[in-house]
Amino acid sequence: MNFEIPASVEEYRSRIAAFVAREILPLEADKASYDAHGNIALPLLDTLRAKARAAGLWCLQLKPETGGAGLGKMGMAVCYEEMNRSIFGPVVFNSAAPDDGNMMVLEALGTPDQKEKWLKPIVEGKVRSAFAMTEPHPGGGSDPSMIATRAEKRGDKYVVSGRKWFITGAEDASHFILIARTSDDPKQGLSALMFHRDQPGWSIKRRIEIMGPEEHGGHCELEFDGLEIPVENMLAGEGRGMKVTQVRLGPARLTHCMRWLGLSKRCVEIARAYASERYGFGVRLADRESIQLKLGDLAMRIEIGRLLVMKAAWELDGGGFARKEVSMAKVQVANVLHDAADVAIQINGARGYSKDTVLEWIYRYARQARLVDGADEVHKMVLNRSLNEEGSGFWRWNVEGEA
Ligand SMILES: Cc1cc2nc3c(=O)[nH]c(=O)nc-3n(C[C@H](O)[C@H](O)[C@H](O)COP(=O)(O)OP(=O)(O)OC[C@H]3O[C@@H](n4cnc5c(N)ncnc54)[C@H](O)[C@@H]3O)c2cc1C
């Protein structure tokens with residue numbers, strides 16, 4: 001076991017840290033930096049993205065031939081955490097959901113032509129993308145086998161009908177990856193299809209208002225009523241929709257965790273700063289054991305999350321699926337983020353509840369972490385399934401040299 005990171009990754013980390021501190025963090029305190037939905041205003045984002053690209057800090061997660069730095073998942077874990085010291089960070093480096101996950105799945109599964117058409121413009125920051133899977137009742141949510149949106153094959157195209165909702169970024173996205181039913185086969189009934197926003201036969205019914213700040217393009221409800229998708233725009237072949245979903249969602253869940261750890265650390269940073277200067281009843285907050293226990297507990301739980309994320313990243317970098325590790329990391333980190341924001345607000349008193357710090361932003365944002373990309377309960381159900389299959393092998397160490 002080796003808990004060291006390569007010097008090249010440390011170099012990216014320190015450059016990202018400096019960029020975030022110099023270019024991004026100061027913007028958080030200025031109301032003019034925000035759009036109407038609590039995210040960074042687009043003109044400002046464009047300027048920062050140009051600076052990040054010029055600094056060679058762009059799409060680091062992708063392979064060099066795709067326009068990235070080939071960081072690998074372990075390198076990403078280090079860098080994404082650093083990016084999300086600021087609430088605006090990841091999107092500046094083109095490492096935010098949903099484009100991040102969409103780029104990675106297109107890079108992994110797209111044909112050369114598909115990469116040229118659907119992936120390259122996202123990598124270049126010319127368009128945004130969305131991943132459309134979840135449906136309102138009685139369609140598929142936690143259980144993808146309930147997906148009801150149909151893509152019916154007619155000649156050399158598929159004709160789509162159905163509904164999706166909570167599709168992040170849909171209002172601003174040009175490239176969509178849609179998961180739809182192409183047959184009733186229980187294992188191979190789903191397929192992934194790509195379409196462009198300008199194609200007729202679909203519409204955005206509404207931008208769903210949510211409790212937290214929103215990604216650019218919001219979270220939308222979509223209706224499909226005769227959208228025609230040419231067969232060449234199918235990703236990974238008919239009936240391979242579940243495979244596409246696994247390839248996309250495993251790493252995408254983990255990248256959420258990497259970013260959430262950065263936000264969790266930021267909560268601790270703000271809490272420590274206030275505790276170190278605030279006195280009451282003749283004692284500095286930071287000198288009270290009750291405060292020290294809260295911060296020590298968070299530090300420990302953040303580190304547990306980091307170790308789980310790193311183990312999953314290591315497994316993915318080695319070609320595995322890291323299903324258990326990703327599930328454990330997702331549950332752990334989503335809950336740590338939630339608690340870190342809560343504890344930091346408590347330590348900051350009334351200030352924590354105000355908009356003078358980003359804690360309230362993070363608190364509202366954090367609640368979704370326990371729902372998106374698999375609710376806590378679903379991940380625990382999956383973990384219990386592994387436990388039933390593997391018994392005590394669930395905790396087995398991999399042995400060097402073993403296949
Ligand atoms: C902010 C946000 C952004 C999102 N972005 C996207 C996106 O870009 N694309 C997309 O396709 N989807 C997106 N989603 C949808 C998200 O992935 C789903 O909400 C999630 O998968 C859960 O599905 P559901 O909402 O249908 O919950 P349901 O399946 O209706 O489940 C409801 C609740 O039931 C409980 N539950 C479910 N299954 C079990 C079980 N087996 N055991 C015990 N309890 C259980 C859980 O508490 C769960 O929260 C987004 C959601 C949010 C909130």
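The values are calculated or read from the model by the stated rules, or taken from the named source; none is laboratory data. Computed from a prediction, not measured in an experiment: that's the story for all the values here. As a convention, Cβ positions derive from the backbone with ideal geometry for all residues, glycine included, and neighbour counts pool all protein chains shown. Heavy atoms of the whole protein, side chains included, go into the accessibility calculation; ligands, DNA and RNA do not. Shrake-Rupley method; radii C 1.70, N 1.55, O 1.52, S 1.80 Å.
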Point to revise | From 247, 231, residue being under 28 Å from residue 157 (Cα atoms) and more than 23 Å from the chain's Cα centre (by Cα) | key: 231
Point to revise | Residues of region 353-365 that turn out to be buried (at least 22 other Cβ atoms within 10 Å of the Cβ) and within 16 Å of the ligand (Cβ to nearest atom), as a count | key: 2
Check your understanding: When both residues are 6+ apart or on different chains and their Cβ atoms are under 8 Å apart, which pairs have a first residue that lies in region 371-385 and is assigned to a helix (DSSP H, G or I), and a second that is within 9 Å of the ligand (Cβ to nearest atom) and charged (D, E, K, R)?
Key -> 376/370
Exercise for review: Check whether at least one residue in region 222-233 is within 15 Å of the ligand (Cβ to nearest atom), buried (at least 19 other Cβ atoms within 10 Å of the Cβ) and either in a strand (DSSP E or B) or of a type in the set (Gly, Ala, Ser) (or both), and report yes or no.
Suggested key: yes
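Against the definition (buried (at least 18 other Cβ atoms within 10 Å of the Cβ), among the charged types (D, E, K, R) and either in the same structural domain as residue 310 (by TED's automatic domain parsing) or touching an Asp or Glu at 6+ places or on another chain (Cβ under 8 Å) (or both)), how does residue 63 come out, yes or no? Let's see the steps before the verdict.
On the way: buried (at least 18 other Cβ atoms within 10 Å of the Cβ): no; among the charged types (D, E, K, R): yes; either in the same structural domain as residue 310 (by TED's automatic domain parsing) or touching an Asp or Glu at 6+ places or on another chain (Cβ under 8 Å) (or both): yes.
Against the criterion (buried (at least 18 other Cβ atoms within 10 Å of the Cβ), among the charged types (D, E, K, R) and either in the same structural domain as residue 310 (by TED's automatic domain parsing) or touching an Asp or Glu at 6+ places or on another chain (Cβ under 8 Å) (or both)), residue 63 does not qualify.
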Review point. When residue 186 is evaluated against the numbered criteria (1) under 24 Å from the mean Cα position of the chain (by Cα); (2) more than 9 Å from the ligand (Cβ to nearest atom), which criterion, by number, is the only one it fails?
Key: (1)
**Study point:** Filter result (free of Cβ contacts under 8 Å to residues at least 24 places away in the same chain and either among the aromatic types (Phe, Trp, Tyr) or open to solvent by 40 Å² or more (accessible area, probe 1.4 Å) (or both)) within region 30-44
**Key:** 30, 31, 32, 34, 36, 43, 44
**Study point:** Extreme residue, farthest from the ligand (Cβ to nearest atom), among residues of region 366-395 that are over 19 Å from residue 301 (Cα atoms) and touching a Leu at 6+ places or on another chain (Cβ under 9 Å)
**Key:** 394
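Considering only region 1-94, give the helices (runs of 4 or more DSSP H) lying wholly within it that have at least 3 residues that are under 16 Å from the mean Cα position of the chain (by Cα). Please lay out each step first, then the result.
Numbers: elements: 7-19, 42-54, 72-83, 89-92.
Fully inside region 1-94 and qualifying: 72-83, 89-92.
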Practice item. List every residue pair whose Cβ atoms lie under 7 Å apart, where the two residues are 6 or more positions apart in sequence or sit on different chains, the first residue falls within region 85-111 and is within 20 Å of residue 238 (Cα to Cα), and the second residue, located anywhere, is crowded, with 22+ Cβ neighbours inside 10 Å and of a type in the set (D, E, K, R). Key: 105/248
Practice item. Return a yes/no flag: does region 270-284 have any residue that is open to solvent by less than 40 Å² (accessible area, probe 1.4 Å) and free of Cβ contacts under 8 Å to residues at least 24 places away in the same chain. Key: yes
Exercise for review: For residues that are out of contact with any His (no Cβ under 9 Å at 6 or more places or on another chain) and of a type in the set (Gly, Ala, Ser), scanning just region 102-140, find the one that is nearest to the ligand (Cβ to nearest atom).
Suggested key: 132
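State whether the residues of region 66-89 include one that is in contact with a strand residue (DSSP E or B) (Cβ under 7 Å, 6 or more places away or on another chain) and more than 16 Å from the ligand (Cβ to nearest atom). I'd like the intermediate steps shown before the answer.
Here is the first cut: in region 66-89, the ones in contact with a strand residue (DSSP E or B) (Cβ under 7 Å, 6 or more places away or on another chain) are 88.
Keeping just the survivors that are more than 16 Å from the ligand (Cβ to nearest atom) gives 88.
The answer is yes, given that some residue of region 66-89 is in contact with a strand residue (DSSP E or B) (Cβ under 7 Å, 6 or more places away or on another chain) and more than 16 Å from the ligand (Cβ to nearest atom).
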Study note, to complete from the structure: Scanning region 189-221 residue by residue, those open to solvent by 40 Å² or more (accessible area, probe 1.4 Å) and either within 16 Å of the ligand (Cβ to nearest atom) or touching a residue at least 40 places away in the same chain (Cβ under 8 Å) (or both) turn out to be 197, 204, 205, 206, 207, 209, 210, 211
Study note, to complete from the structure: Residue set 375, 334, 350; condition within 19 Å of residue 265 (Cα to Cα) and either hydrophobic (A, V, I, L, M, F, W, C) or open to solvent by less than 30 Å² (accessible area, probe 1.4 Å) (or both); output residue 334
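Name the residue that is surrounded by the most Cβ atoms within 10 Å (Cβ to Cβ), counting only residues in region 141-171 that are away from the ligand (no atom under 16 Å from the Cβ) and assigned to a strand (DSSP E or B).
Narrowing region 141-171 to residues away from the ligand (no atom under 16 Å from the Cβ): 150, 152-159, 161.
Cutting the leftovers down to assigned to a strand (DSSP E or B) gives us 150, 152-154, 157-159, 161.
Details: 150: 16, 152: 13, 153: 14, 154: 9, 157: 17, 158: 24, 159: 17, 161: 17.
So the residue we want is 158.
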